[in-house]
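What follows is calculated from the coordinates using simple rules that are stated; it is not laboratory data. Predicted model, so just to flag it, every value in this text is computed and none were measured. Cβ coordinates were reconstructed from backbone atoms using ideal geometry, including for glycine residues, and neighbour counts include every protein chain displayed.
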Amino acid sequence: MTIIEPAKPNINKKNILKHIGCHQPGDLSYATHKKMTKWEDKSTELMIPSLIYKKYKIKNLNGDLKLENNIWFNSNKIVRIMLDCNEIVCFLATIGNRIDKKIIDLTSKRRSSEAYILDIVGSVAVESIVNNFHDRIKKRMQAEDKDITLRMSPGYCDWPLREQKKIFSLLDAEKIGVELSASSLMQPRKTISGIFGIMPPSADCKKAAYNPCSDCRKEHCIARRTEFIYKNTTLATS
């Protein structure tokens, strides 16, 4: 059964600045900071946040991740992440299409800087919904002596974007108004799909699940989830 989960975005100013490429508000011009504050406040009126998810049993991890219904995901990284898992959670989260329409409206009125800022605010909002959901599931699982892995989305690492279609075959996306195009792009644009694994009590939960970022040399990736360490160079990231 697909479950609709409560979804409330948390628009964090630090994350907005991170997407813009700044470290603190003082790095922005007065005009840009004013626009950012304006759309932080107004964006909540444009959002219709929703999240759905469903659990599936893992059938085997022989080369690919195969589920109980014989749907399989083609990614070596995912197989490595899920090695200690017996279930996965598939999810979809969105903030709706009103924010997309407003971005188009601002662009048509040549207010491109405001459109750009609102686009970033929307990305931060939907990301926060997924992060909060991931944290809630982690707490629920830990109450049962279980744990969960990092989450992965199609298009990241070695997981092809075309596998988005498999995520949609596992969830009732229409329940939250999300559609998938022939090119595997989601509408509304501010939507995130993905999976993460559930490790049973028998798994070695004291050992951290594999983090694919630890093998990646994209040192300036905004989505990095570990330190970058390469050729005696360390770049601390959040």
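Could you pull out every one of the lysines with an alpha carbon less than 17 Å from that of K102, ignoring same-chain neighbours closer than 8 positions?
Answer for K102, where 17 Å is the Cα cut-off: K35, K38, K42, K190, listed by chain and number.
Would you list S153, S75, S29, S169 from fewest to most Cβ contacts within 10 Å?
Values: S153 18, S75 21, S29 8, S169 12.
Neighbour counts put them in this order, fewest first: S29, S169, S153, S75.
What is the calculated FRET efficiency for C157 to D41, with r their C-beta to C-beta distance and R₀ = 45 Å, to the nearest 0.05?
Values: r = 36 Å, r/R0 = 0.79.
E(calc), rounded to 0.05, equals 0.80.
How big, in percent, is the set of alpha carbon pairs in region 3-207 lying more than 24 Å apart?
Values: 9791 of 20910 pairs.
Summing the P(r) tail past 24 Å for region 3-207 gives 47 percent.
What FRET efficiency would be calculated for the residue pair S29, R136, taking the C-beta separation as r and a Förster radius of 41 Å, to the nearest 0.05?
Numbers: r = 38 Å, r/R0 = 0.92.
The value I calculate is 0.60.
Run the numbers for R189 and N62: contour at 0.36 nm per residue of separation, minus the present Cα-Cα distance, in nm.
Values: separation 127, 0.36 × 127 = 45.72 nm, distance 3.37 nm.
Extra length from R189 to N62 when fully extended: 42.3 nm.
Quickly work out the K54-to-A143 label distance, labels modelled 7 Å from Cα along the C-beta direction, and quote it in nm with one decimal.
2.5 nm
Can you pull the one-decimal nm distance between simple spin-label points at K14 and S112, each 7 Å off the Cα toward Cβ?
About 3.2 nm separates the two model spin labels.
Got the relative contact order for region 3-207 handy, in percent, Cα pairs under 8 Å and 6 or more residues apart? Display every interim value, and only then the final one.
On the way: 344 pairs, mean separation 56.4, N = 205.
Relative contact order for region 3-207 comes out at 28 percent.
Just the number, please: Stokes-Einstein D of region 114-210 in µm²/s, Kirkwood Rh from C-alpha pairs, 37 °C, 0.692 mPa s.
Estimated diffusion coefficient is 215 µm²/s.
Can you give the FRET efficiency to the nearest 0.05 for K175 and K101, using r as the Cβ-Cβ distance and R₀ = 25 Å?
0.75
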